[in-house]
1. What Rg and what Dmax come out for segment 117-320 when only alpha-carbon atoms are used, in angstroms?
2. Taking every DSSP beta bridge with both residues inside the chain, roughly what % is antiparallel (nearest 5)?
3. Show me the helices of the chain, taken as full DSSP H stretches, that run 20 Å or more along their long axis by Cα and average -1.0 or above in Kyte-Doolittle hydropathy.
4. Past 27 Å, Cα to Cα: identify those pairs from LYS209/LYS300; LYS247/LYS268; LYS138/LYS268, in the order given.
5. Using modelled backbone amide H atoms (1.01 Å from N, in-plane), which distant-in-sequence or interchain residues come within less than 5 Å of TRP160's amide H?
6. Could you list PHE31, PHE222 so that the one with the fewest beta carbons within 10 Å of its beta carbon is first and the one with the most is last?
7. What residue among LEU224, LEU272, LEU159 has the largest mean-square fluctuation in a Gaussian network model of the chain, using Cα springs under 10 Å?
Amino acid sequence: MVWILKRLIQIPVILGFAAISFASIKVEGVFEATMPCSVFQSFRQDTNPGDIKVIPRQQYTVYARNKTNGEWLQIIVPEASPSLRWVNLSCGQSDLSSLIQLKGSNHQCQTKGQYDSYLLAVSWQHGFCQHATGVASKPECTAINQQQLSIYNLTLHGLWPTRQSCGIHYGYCEPDKKMDLTPSTISTLAPWMPNFYYQTEFGAYQWKKHGSCQYREDDDYFLLATSLVRQVDTSLIGRYIKQHVGKQMSTAQFKQVLTDNFGLHAVKRIQLSCINKRYLQEIRLSLGKDFEQHGTLVGKLISGPALPSFAGNCAPTIEVEN
């Protein structure tokens, strides 16, 4: 039976004008872009008809993976022709299940309370709003770019419970659980997650995918996340970034400054994210499951697992947009 299933998975499937290769694995799931990466008809040949890119914070249906634990996902990009395109896993987050995996009984990656750490993602709003594609649909970016809204603090992208054995796939534990924040929470949250000035859709998505995997109620979850962003913003991380607004910044020098003050062990839990490798858009911090036991930011960082690299996808010299 397993042999038959494996053979079925490798049968090419046609969608639009593109086909899955014989080496591909059919998977089901969702990919959410965090960077405006190119999407390829063939990633081996770097072919990208129409020069199409994924739009950060937009979700795409996943159709295949290039191989088991492969680095490329085949997603459906409606505006592209052909619509099946390959995107690198590093360009976003995904929640996947292969046809073989669906037979198994390991549901820990979608089970509430099975996380072993957190990832806190904080944004530099100007970098994102000025350079990410698809920002026209985000009212806070329209207001910032038209100088109708002034945001010069780090903002909240999300507080994500994670499970190391699941990679980036831990989430959607209770996808039907609704977010119902009090007006007081929304008022407190909006300066730190400015989409809440205009709508609640982005927050509801964060709650559905990430917040539902931990035990706090929605108000408590977002207020905790807000307090964390405020702590990062007032720390050396936030101060150093704001000292370089409108300027270029060396990622190596930034790392050294933080290492001199936080220690290397803590800095290994910090990672930058840039658009086009040049414009700072996000800082990610790895925190332990019980980070609340630690009052200092350094203590919270030390409690978490290490991240792959400090610079992430950023070039040696980056810009902090004004």
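Bear in mind that the values in this text are calculations on the coordinates, not laboratory data. What you see is a predicted model, and the numbers here were worked out from it, not measured in a lab. Backbone-built Cβ (ideal geometry, glycine too); neighbour counts: all protein chains shown.
1. 16.3, 45
2. DSSP beta bridges in the chain are roughly 95 percent antiparallel.
3. 218-234
4. With Cα atoms farther than 27 Å apart: LYS138/LYS268.
5. LEU119, LEU120, ALA121
6. Taking fewest neighbouring Cβ atoms as first place, the list is PHE31, PHE222.
7. Among LEU224, LEU272, LEU159, the largest mean-square fluctuation in the Gaussian network model of the chain belongs to LEU224.
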